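Computed from the coordinates by the stated procedures, all read-outs in this text should not be read as laboratory data. All figures in this text were calculated on a predicted structure; none of them were measured in a lab. Every residue, glycine as well, gets a Cβ built from its backbone with ideal geometry; the counts of neighbours run over all protein chains shown.
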Amino acid sequence: MTELFDDPAMVKLWNAYFSEFDKLSAPLGDEGRELRSDLERHVMESIGAQPATGNPAQQLKVALKRLGRPIDYLHPILGERYISRATHTYSPVAVGKGLFHTILAGGGRLLAASLFCLGYLFIAVFAVIALSKPFWADNVGLFRAPDGTIAAGIVAETAEHQEVLGWWSIPIALALAMLTYLLLTKGLGRLIRTQ
Amino acid sequence: MARNSIEAHEETARWEVQLRKGVLEFAILLTLRGGEHYGFELVTSLTSKARINVPEGTIYPLLLRLAKDGLIKSEMRDGEGGAPRKYYTLTPRGVVLLEAMIPRWKQLSTSVEGLLAGEEND
């Protein structure tokens, strides 16, 4: 669309804005291209609606400023796209990006997305238990105290405790991490169905 | 004191942006109830008549989602100056949803007004 502009300053402004948009909207595919066409038409209409000042580059600048930074209005749609991908592929990268964009988009999904982040932190806890067992075998696992209470995870004082699982705590912690990840990621789909 | 005032102002501004974004979908459907609009006209209508001052780019991803959900539909046609424009209209499903949303909004608005009136009377 820059062929419509004679002024190099306008071409520069336009290209800078839409190259940033293209970079951010790449994961959206066809939807991103449709969105770009909508925005291009909007900017042209916005320039036309401004009073003639004799400075078209300034008019374009105003139109782009009114449109807002691409990252600000793309957060919600990128969050939806990545979460939708995550629920199908179970990719941790898609999960991370989906939650990142959803949280930054704010709105009604902010609280739910934050709770999902907390849920994923549990997976890290299980992973730490599994990975630290070989190094601190006597202090990591599931322990029963003399009074019958149960302690799980990394326990400082285990001298009088009886270890319940032994080396089984590694596969069990890993299985729990995997199960939590699968359930949370499956549940993420509900997040994009709620506003 | 001045710092507290600036922080309160920034917090209020953030809250206001989230609030406006939250009602945007409803405002778009309400605007389209009055007839078809093309993108720029719809945005102008929302920012001037409804005074919903959000970045104009915010509207287009929402329009895409509303179309994907089958609540609105779009059609490309030549505009007055000959340049193609995308015209948006409500679908029958969008009309049904909007009719269900209006009483809910009124109920919510009345409840908040009641709370505000109570606060003023205290």
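Figures for the structure shown
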| quantity | calculated |
| --- | --- |
| Set of aspartates and glutamates near B:Lys73 by C-alpha distance (under 13 Å), chain-local residues within fewer than 8 positions excluded | B:Glu36 |
| Kyte-Doolittle mean at least -1.0 and Cα axial length at least 20 Å: DSSP H helices in chain B | B:2-33, B:92-121 |
| Of the DSSP H helices in chain A, those whose Cα atoms cover at least 24 Å axially and whose Kyte score averages 1.0 or more | A:110-132, A:169-193 |
| Prolate/oblate/rounded label for segment A:1-122 (Cα gyration tensor, a/c 1.5) | prolate |
| Total formal charge among the other residues, if their Cβ is under 12 angstrom from that of B:Pro84, Lys/Arg +1 and Asp/Glu -1 | -2 |
| Charge sum, other residues only, whose C-beta stays under 9 Å from A:Phe18's C-beta, Lys/Arg counted +1 and Asp/Glu -1 | -2 |
| Cβ-defined net charge surrounding A:Thr89, 13 Å radius [Lys, Arg +1; Asp, Glu -1] | +4 |
| P(r) of segment A:43-195 over all Cα-Cα pairs, binned every 10 Å from zero, in whole percent | 10, 26, 18, 18, 13, 6, 5, 3, 1 |
| Per-selection Kirkwood Rh - the protein assembly as shown (Cα, Å, 1 d.p.) | 23.5 |
| Order of A:Ser37, A:Ser169, B:Ser109 - criterion: other Cβ atoms within 10 Å of each residue's Cβ, fewest first | B:Ser109, A:Ser37, A:Ser169 |
| Projected-area average for segment B:26-114 over all orientations - Cα convex hull basis, square nanometres | 6.4 |
| Ellipticity estimate at 222 nm from DSSP helix runs (n ≥ 4, -39,500 (n - 2.57)) divided over the protein assembly as shown, nearest 500 | -22500 deg cm²/dmol |
